[in-house]
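Before any comments, here is the structure.
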Amino acid sequence: KISMVNSEQVNVEIRLPETIKAGEEMEAEVVFSFKEGWHGYANTEANRSSGFMPTTVIFEFPNGVEILSEIIKPEHSYVGGYSVYTGDEVVFRQKVICPVSLTERKRKPVLRAHVHYQVCDENMCMPPVNLKLEKEMNIVR
């Protein structure tokens, strides 16, 4: 199971609370840490129509998890008139509640995140990346 990917341009990591209390609200996160000078593109019509690959995250929760929110996207800034993500704490998050039934499994449930992005600097863009990150969920009563 891969929960983190590091490159020269960006690190991407799936984050969960160390312990998840069944029946209580929690947040799953995918965190991008862009290296100095690099950025990813926000999922906007202007970016897509200009051919920039938007940064997207889709969480895949185990059956029974109650989804409380849409994916909460990070704030973006602007580079050359385009909406971009920069910096070392760019967080996509989703609020959920995990049922008690997930504490009764033999194996720990797994959260998956499907991540799609492209990083660019002022001169060039790297090829688009598709990742599937996975992390075990430590759910307790």
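Scanning the stretch 50-77 for residues that are over 26 Å from Asp88 (Cβ atoms) and of a type in the set (Asp, Glu) yields a total of 1. Being in contact with a Leu (Cβ under 9 Å, 6 or more places away or on another chain), closer than 30 Å to Pro109 by Cα and among the hydrophobic types (A, V, I, L, M, F, W, C): is that true of Ile97 here? Answer is yes for this residue. Among the residues in the stretch 30-41, are any of a type in the set (Asp, Glu), part of a helix (DSSP H, G or I) and free of Cβ contacts under 8 Å to residues at least 24 places away in the same chain? Scanning the stretch 30-41, I find no residue that is of a type in the set (Asp, Glu), part of a helix (DSSP H, G or I) and free of Cβ contacts under 8 Å to residues at least 24 places away in the same chain, so the answer is no. Look at (1) buried (at least 17 other Cβ atoms within 10 Å of the Cβ); (2) within 22 Å of Lys132 (Cα to Cα); (3) without any contact (Cβ under 8 Å) to a residue 40 or more places away in the chain and you find that Val57 fails only one, number (3). Evaluate the following for Gly87: is it under 16 Å from Ser7 (Cα atoms), at pLDDT 95 or above and crowded, with 17+ Cβ neighbours inside 10 Å? No: the conditions fail for Gly87. If you go through the stretch 1-29 and keep only what is outside any strand (DSSP E or B) and loosely packed, with under 14 Cβ neighbours inside 10 Å, you end up with Lys1, Ile2, Ser7, Glu8, Glu18, Thr19, Gly23, Glu24.
For the stretch 122-137, the set of residues classified as out of contact with any Pro (no Cβ under 6 Å at 6 or more places or on another chain) and either open to solvent by less than 40 Å² (accessible area, probe 1.4 Å) or part of a strand (DSSP E or B) (or both) consists of Cys125, Val129, Asn130, Leu131, Lys132, Leu133, Glu134, Lys135, Glu136, listed by residue number. Each residue in the stretch 98-119 was checked for being within 18 Å of the chain's Cα centre (by Cα) and either assigned to a strand (DSSP E or B) or surrounded by fewer than 16 Cβ atoms within 10 Å (Cβ to Cβ) (or both), and 9 pass.
The values are calculated or read from the model by the stated rules, or taken from the named source; none is laboratory data. All values reported here derive from a predicted model rather than from experimental measurement. Note that we place each Cβ from the backbone using ideal geometry, even for glycine, and neighbour counts take in every protein chain shown. For accessibility, only protein heavy atoms count, side chains too; no ligands or nucleic acids. Shrake-Rupley method; radii C 1.70, N 1.55, O 1.52, S 1.80 Å.
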